[in-house]
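Here is the structure we will look at.
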């Protein structure tokens, strides 16, 4: 396994290079010229040239790419072109709030959706299954924005159960006071598709021969579900989980904007809006690295769940 | 003996508190709907950053909070400056005993404000390594400064090199000598961007001056989470400032949240998570009872009036306009058929409808390049063309823009006529585009949209790649010159987005620079406006009217036409 991990890590190098190249080309093609933002109301050719010089945008593209490569190697992306704050500081201050919301949301959503999916798969075809499937379909047809707007209006404003928005320096205050409503709405948005997806995973597994064999052996339904079906059905669950983990870093844009959570979602949007390439570079590279690492982790977890899986 | 010691200690502590009147337990909670960028006065120009800068730094002169129209008054100076007869030499006398906020950069010493601090602050706007967004206000303005800038090349300015035009005559006397007479220069100096900075603080935080503002203003920056939260606390070193018998500032802490979405902004205000707020577009009808016959006649909806919520309104010192690229072969130029095309498009645009529908009636039409409230405005001048699509079509027919077999007009030479309009991608942009499409459809002219981010469209315009685009200009200072320069030939491609070049307009503009505000200058402005009407480089848009609300416990709530904020005057009495 160690050799496998080393090989996979080595394979990440060309992948990361590809990401860097794509990002670099895209930014220079459609990313916008930040000098026109930084110039304020003064668009004299001299001012614009000075700004481009200071940002290094007057250097040749290969020279700029080399600077980018050096930044990736050192993981030091310099300062934000927009606010002139160190990129590392910006990201460090944003990641905490994003994870405070996204991590509980992911875990609670995963737990609830797997349990509900397993139950409705077990009673497949029953009224309960049909009702849950119908509710999920209806829930998925409504935009996330509608849940957020309606939830904030009714639950926070009209009923006064939660604050409209806010954030504190205290984790406990955030978890107790400011996170519950966005968490609840985030769950409402994510539960329906997850339940449907995991339900189909369970149903597929329950149709396999080994389940029939287990029943023929006289195993209880509970043992079949928990010991056999659950274990095999977890493979797609792990895949889905690992795929979503890197995006925790990006935060939940809409929830953060509506509930005043100073997370990464807003930072990404502002960086793109202001053509703030150092911030865009840092976020893209970190998400790319996280994606590759979690993919590797997923492969290792497959092996742990199912010994038949061979890592080659 | 003990009692005497206690008395001395009490008196000493009172003096140590200085003129501090602010109650640290009083917190004012406000919101910005756009993120700020930083707080170095020479590095940023956006409204939201300027609002913070205004409270941390002190310009030489400022505005009377209560006087209307806005009136420049001394701020850190003992009086308004002595100005030479030709308007070139301004001499300021600073009040002694004004101190910067305590900061590590001063190594434990109290740091007094001096004339040299203002000289340094002004020079920073000329520094090529700073790229001040306000450099257009100082470039070429001071005697001897050009040589200093030239000597710097792309490097830093030599701040120790004397400049004849920016001189500290002694500790408290600053003399500014302009290359040409300028009578609105005080208004420029009243801008937050020209607040005093201490050189040692700037140098101590050279790598991050945006996050370390150190000034003499009423507040200091306590906390900054970019794009999320800004906290100001009353500056204990702030000089004694008394208005109407009240020592300022009253509120000890100002918390600014960045709330970009309209619903949470509005709900946070009505749920008292914010003390003061503007009214988001979507909540206008919820908050205001707007008279359908006269939408400018508004009052609070009864349910909010009953709560004692206060409403303040102000007409922005701004204009919006749609410009034509005057260098473009299709829509530009001064040939009669080109003017006719521009005029016809202006006549087909339903401005009253957009004011009613998009602005919800909370705007007035622009009829003059200079808006109301700015020196030089002429309310009697009606420069906007009348909405008349039928007459617009007749005008196009007359100048040879014939309707082809496809039902669309062609150029007089028979070539296809298609106009591209630049636009953003927001929801409100889409609403505007629908009205423009309607106007062009009524003229049977093909219209396409070029979508882009603001900076990209700006770049395209500088490269002469746009045909039409809508912009707004807000007053940097309340003088007509700040608006009339938008069509000055030498500013083409810069502030003059239309690249309008008209010899007579330029001659009149240059003549107006030599005059003070008054009838003679107004006559020149009228003549320049007539040229604008005749040439139609712009389609006049509107001037917005903003409504702001404050809860009943907010005292001294009054908007100012030029100050971004009035936090130092506000009191909270819950």
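Read-outs: derived from the displayed coordinates by stated rules, not from any lab. All figures in this text were calculated on a predicted structure; none of them were measured in a lab. Here the Cβ positions follow ideal geometry from the backbone for every residue, glycine too, while neighbour counts run over all protein chains shown.
Points to keep in mind about this one:
- Per-selection Kirkwood Rh - chain A (Cα, Å, 1 d.p.): 22.7 Å
- Helix-derived mean residue ellipticity, 222 nm - over chain B, DSSP H n ≥ 4, -39500 (n - 2.57), to 500: -8000 deg cm²/dmol
- Backbone N atoms of the stretch A:99-134 closer than 19 Å to the 7 Å Cα→Cβ label point of residue A:220 belong to residues A:118-120, A:122-123.
- Per-residue mean of C-beta atoms belonging to partner chains within 10 Å, peptide A:41-54: 6
- Gain upon complete extension [residue B:507, residue B:169; 0.36 nm per residue less C-alpha separation]: 118.0 nm
- Burial ranking of peptide ranges B:298-308, B:251-261 (average Cβ count within 10 Å, highest at the top): B:251-261, B:298-308
- Take every Cα pair under 8 Å whose residues are at least 6 apart in sequence, average their separation, divide by the length of chain B, and the relative contact order is 18 percent.
- Counting only DSSP beta bridges with both residues in the stretch B:385-509, the antiparallel share comes to about 20 percent.
- Three-way shape label, the protein assembly as shown, alpha-carbon gyration tensor, a/c 1.5: prolate
- Inter-site label distance for residue B:158 and residue B:472 at 7 Å from Cα along Cβ, in nm: 4.5 nm
- DSSP bridge orientation in the protein assembly as shown - percent antiparallel, rounded to nearest 5: 80 percent
- Modelled FRET efficiency - R0 25 Å, residue A:107 with residue A:161, Cβ distances, 0.05 increments: 0.65
- Potential lengthening of the chain between residue A:10 and residue A:63 amounts to 16.5 nm, from the contour at 0.36 nm per residue minus the alpha-carbon distance.
- Two-site label geometry, residue A:273 and residue B:95: point separation in nm, points 7 Å out along Cα→Cβ: 3.8 nm
- Each residue, residue B:559 and residue A:123, gets one label point 7 Å from its Cα in the Cβ direction; the gap between the two is 5.8 nm.
- Amide N of the stretch A:21-38 lying under 20 Å from the label point, which is placed 7 angstrom from the Cα of residue B:429 along Cα→Cβ: A:26-38
- Residues listed by number, the stretch B:542-566, amide nitrogen under 17 Å from residue B:34 label point at 7 Å toward C-beta: B:542-547, B:562-565
- If the segment from residue B:465 to residue B:146 were pulled out straight at 0.36 nm per residue, it would be longer than the present Cα-Cα gap by 111.6 nm.
- Overall form of the stretch B:79-179 per C-alpha gyration tensor (a/c, 1.5; a/b vs b/c): oblate
- For B:425, B:247, order by how many other beta-carbon atoms lie within 10 Å, fewest first: B:425, B:247
- Kirkwood Rh in Å, taken over chain B so that all alpha-carbon pairs contribute: 26.0 Å
- Applying 1/(1 + (r/R0)^6) with r as the Cβ-Cβ distance of residue A:303 and residue B:66 and R0 = 51 angstrom yields a FRET efficiency of 0.10.
- Relative exposure of B:136, A:24, judged by other C-beta atoms within 10 Å (fewest first): A:24, B:136
- DSSP-defined antiparallel bridges as percent of all bridges, the stretch B:308-464, nearest 5: 25 percent
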